[in-house]
Structure formats: C-alpha cells, structure tokens
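Rule-based calculations on the coordinates, nothing more; no lab input. Only a predicted model underlies this, so the values are computations on that prediction, with no experimental measurement involved. Here Cβ is always computed from backbone atoms with ideal geometry, including for glycine, and neighbour counts include all displayed protein chains.
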Amino acid sequence: MENLIRFQTDRDLHKKSFVLENEVANIFEELLEAGGLDVPKDNRPELKAELEIFIQSLIAKSIATEALFGAHDQVDAFADIITFATGAILKLGHNPLIAIAECGKEVNSRVGVMVDGKFEKDLSDEAKSNWYTADYNKSELMASHSEATKPYKIDKDVFNALPESTRLAIEIGDSWGNINKPEVTG
C-alpha cells in the first residue's frame, strides 16, 4: 500500500482537486478491465457521459436514491471498494498484500502526465525501457483454479492482518466452492 500512496504523493496527484466523476470513471474503467474490456483513452469522455446516464437511470427507476453525504461517507465508500477488491483478489487465489505491492512497483516505474483527471503513462520507448511489470506469480496462494478444493497456505501475519470479515469468508469458503479452512503458516 505504501507504494501506491507514494505513486500519488510523488506525482502530487493527491493535491489535485477531488472530482467524484473522475474517480468513479477510473474505478469503473478498471472494473471493465477485470472483465477483459479496454476503454481507449480517447473514449474516456464518452465513458464518463455514459456513467452519468447510467446513474440517472438508476435514480429514475428508484434502484438508487440520492442521499446527503459528506467526505467521511465518501471515504467509507472508497474503503469499502478496497475491501471488496481485497476479497476478489483472494477469491482469485492471490495474496492481496503481495499483489498490491507488485502493482505499486509497476505504477511507480512509470512516468507520464495527468490528462482529464487520470494519469497517462509516457509510451515512448525510453520510458517503456524502465517499466516494471507486476509479477503476480509472486502473489499466488494456489497453483490453479483446479486446485481450489484443496487447502491452501496463507502466512499467519498476512491472514491476521486481513479484516475479520475477510478472514471469516476465507474460513467459510470462496466462490470456487473451497470449503477447506486455509492452513495458516508462520
């Protein structure tokens, strides 16, 4: 997590104005990536417009209702996103702390500029030659999805650092039907 914070602070990204629409679009873009979809940078303004239409549709259909909220509510929402992302990483069979550390190494190896509220990496050959590619093999808890019914090992300190609800979810089972409690080592 320190590397991700450093990515923000080294580039003074934390000093940029908080624009909820930009933050939501960035997160939604990453969710699309998780589903195997890409949003080319030229299409980002359209993505934001479509998200606004989607939100208005949810409100019009009373699927979502407008509520008064403040900064603490927004912090809570983004912390919840991190919590759900942690669970998703675990369900994919990876140690979230190691995966996040690898992601941090990757994003910190890039240089670029801010465009429309999003960091745009420098795509020059010179810049690419310094890129680190996250090695998510380092974060694997299981060899493959086919081994999901076998107990897996998780370091005691890593396991204990997880939120109680995440530890409970691991102990109960995951979306692959793994009902074995992990072997806590260390």
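Give me the dipole magnitude in Debye, nearest 20, for the range 7-66 about the Cα centre, with unit charges on the beta carbon: positive for Lys and Arg, negative for Asp and Glu.
That gives the range 7-66 a dipole magnitude of about 160 debye.
Select from I59, H14, G36 the residue farthest towards the positive end of the dipole of the range 7-66; place +1 on Cβ of Lys and Arg, -1 on Cβ of Asp and Glu, and compute about the Cα centre.
Final value for the positive-end residue is H14.
What residues have an amide H closer than 5 Å to that of E120, excluding those fewer than 5 places away on the same chain, when H is modeled at 1.01 Å from N in the peptide plane?
V113, M114, V115
In whole angstrom, and with the biggest value first, how far do the Cα coordinates of the range 1-68 range along each principal axis?
For the range 1-68, the Cα spread along each principal axis is 42, 33, 21 Å.
If packing is taken as the average number of other Cβ atoms within 10 Å across a peptide's residues, how do 85-91, 68-74 rank, most packed first?
Going from most to least packed, we get 85-91, 68-74.
Can you work out ³J(HN,Hα) from phi for every residue in the range 77-86, in order, using Karplus 6.51 cos²θ - 1.76 cosθ + 1.60 and θ = phi - 60°, giving whole Hz and x for Gly and Pro?
Result, ordered by residue: 4, 5, 5, 5, 4, 4, 4, 5, 5, 4 Hz.
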